[in-house]
Amino acid sequence: MTATPSSPNRRRALAAGALALSGALALSACGSSDSDKNAADSGETHVVKTAMGDVSVPVAPKRVVVLDTAELDSAITLGVKPVGATHVEAESGFLGYLPKDKVSGIKDVGEMLNPNMEAIAALDPDVILTSKIRHGAKYDQLKKIAPTVMTETTGYPWKENFQVHADALGKKTEAKKVVADYQAHAKKVTTAVGGPEKAKATKVNVIRFMEGADIRLYGEQSYIATLLKDVGLGRSPISAKAKDGFSYDLSPEKIDLADTDVIFQATYGDPKKAKETQTVGSSLWKNMKAVKSGNVHTVDDELWIQGIGYTAANKILDEMQADLTK
């Protein structure tokens, strides 16, 4: 999937805050105990299974660089503040839903699809986290800087990827608690919306208005779909028609195909260029069941689409519960 920012005004506000915060460099990972530091300093390593084969990494890495949003979410979730991270676009900064104190001091090492190798090397990392789909072509360069842990892809297999990240960061015990807490949270939301039967009977679609592209309706093989499934929410038939299971593209003239009981909508970029303004002003949109019943909910693109991790997931579950129980 393509990670992208949300509304322009909010994006600029988040960018200003996040980039200002990145000025004061904090070059040590948060949440490390003395024993962690001693283990890392000792040169002790362990093997992590990655998309590029087995990789030896420090038992308790202290200087972590992450090159995508999922890896940033994983690190922060596990109590590790990276020394460096990429941003999504030149003006966007780091993910706005993450606590400011957790991203303050992280060095910006360039745009996600084109990270600055010199900036990464200058941070002297002891592990780099990313995915093959994002940076497989740069693997040989990256591994010369530090042990590089790549998952195969991003998005849909986020839970499996999180376990790889936790292994690489020496945080497997902490990861177990994160997963258990999330599972309990999802069950709580299911109960709040009326129980498993009512949840299943509530058909939900998630759409994204995208500048420079068609309207995207997310299928079953997507990050956000896994959260809907964990709560037990139903899906409309069109979600099963998604290309490769990921998404089904719609034009404004066919937006009524997305109609269902509940719609969550996000926007990337300028609403006019993303065809949002045109679409929601149309008679097709206004006559949709979800629109007429007041069950269309506007959500933050950074959080719902870009985050791809447990910190994002828990915030999304809170929003789902609030919107579905109004």
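Every read-out reported here was derived from the displayed coordinates using simple, explicitly stated rules and does not represent laboratory data. These figures come from a predicted structure and were not determined experimentally. All Cβ positions, even for glycine, are placed from backbone atoms using ideal geometry, and neighbour counts span all protein chains on display.
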> ³J(HN,Hα) across the range 44-53 via Karplus (A = 6.51, B = -1.76, C = 1.60, θ = phi - 60°), whole Hz, x for Gly/Pro?
Replying inline: 5, 10, 9, 9, 10, 7, 10, 5, 9, x
> Dipole of the range 188-324, Cα-centred, from +1 at each Lys and Arg C-beta and -1 at each Asp and Glu C-beta, to the nearest 20 debye?
Replying inline: 360 debye
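Please list 181-188, 273-280 highest first by mean number of surrounding beta-carbon atoms within 10 Å per residue. Mind showing how you got there, number by number?
Values: 181-188: 14.5, 273-280: 19.4.
Most protected by this proxy first, the peptides run 273-280, 181-188.
Which whole-number value in Å³ per residue fits the convex hull of the alpha carbons of the range 52-148? List each step's numbers first, then the result.
Working: hull volume 9.3 nm³, N = 97.
Given the Cα convex hull of the range 52-148, per-residue volume reads 96 Å³.
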> Can you list residues whose amide H is under 5 Å from ARG235's amide H, if they're 5+ apart or on another chain and H is modeled 1.01 Å from N?
Replying inline: VAL204
> Which one of PRO252, TYR223, ILE263 has its Cα pushed farthest toward the positive end of the charge dipole of the range 206-263, where Lys and Arg give +1 and Asp and Glu give -1 at the Cβ?
Replying inline: TYR223
> Stretch MET117-ALA180 to full length: gain in nm at 0.36 nm per residue minus the Cα-Cα span?
Replying inline: 19.0 nm
> Between the helical axis of 310-324 and the dominant principal axis of the chain, each derived from Cα atoms, what acute angle in degrees is found, rounded to the nearest 10?
Replying inline: 20 degrees
>> Just to confirm the number: angle between the C-alpha axis of helix 8-21 and the first principal axis of the chain, 0 to 90 degrees, nearest 10?
In response: 20 degrees
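What is the extension gain from LYS143 to SER283, computed as 0.36 nm multiplied by their sequence separation minus the C-alpha to C-alpha distance, in nm to one decimal?
Details: separation 140, 0.36 × 140 = 50.40 nm, distance 5.40 nm.
Here the answer is 45.0 nm.
When a/c is below 1.5 the answer is rounded, else prolate if a/b is larger than b/c, else oblate, so apply that to the range 110-236 with a ≥ b ≥ c taken from the square roots of the Cα gyration tensor eigenvalues. Spell out each step's value before the answer.
Details: a/c = 3.50, a/b = 1.67, b/c = 2.10.
Oblate.
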>> Considering just Cα atoms, how many Å³ per residue does the convex hull of the range 248-326 enclose?
In response: 95 Å³
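Let me have the relative contact order for the range 95-146, percent, based on Cα pairs under 8 Å that are six or more residues apart. Write down the numbers at each step before the final one.
Values: 20 pairs, mean separation 17.2, N = 52.
33 percent.
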> From the backbone phi of the range 236-253, what are the Karplus-calculated ³J(HN,Hα) couplings (6.51 cos²θ - 1.76 cosθ + 1.60, θ = phi - 60°) in whole Hz, Gly and Pro given as x?
Replying inline: 7, x, 5, 5, 7, 8, 4, 5, 6, x, 8, 8, 10, 8, 10, 9, x, 6
> Roughly what would the spin-label model give for THR173 and LYS229, points 7 Å off Cα along C-beta, in nm?
Replying inline: 3.2 nm
> If you project the alpha carbons of the range 188-324 onto their three principal axes, what span does each projection cover, largest first, in Å?
Replying inline: 38, 30, 27
>> Give me Rg/Rg_expected for the chain, where Rg uses Cα atoms only and Rg_expected = 2.2 N^0.38 Å with N residues.
In response: 1.02
> How many nm is it between the label spots at HIS46 and GLN221, if each spot is 7 Å from the Cα in line with the beta carbon?
Replying inline: 3.2 nm
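Taking the Cα centre as origin and putting +1 on Lys and Arg beta-carbons and -1 on Asp and Glu beta-carbons, what dipole magnitude results for the chain, to the nearest 20 debye?
760 debye
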>> Using +1 at the C-beta of Lys and Arg and -1 at the C-beta of Asp and Glu, which of VAL280, THR311, ALA242 has the Cα lying farthest in the positive direction of the dipole of the chain?
In response: VAL280
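Mind checking the dipole of the range 158-256: about its Cα centre, +1 per Lys or Arg Cβ, -1 per Asp or Glu Cβ, Debye to the nearest 20? Don't skip to the answer; put the middle values down first.
On the way: 17 positive and 13 negative charges, 93 e Å.
Dipole of the range 158-256, to the nearest 20 debye: 440 debye.
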> Using the alpha-carbon centroid of each, what span in Å lies between the range 43-113 and the range 115-158?
Replying inline: 9 Å
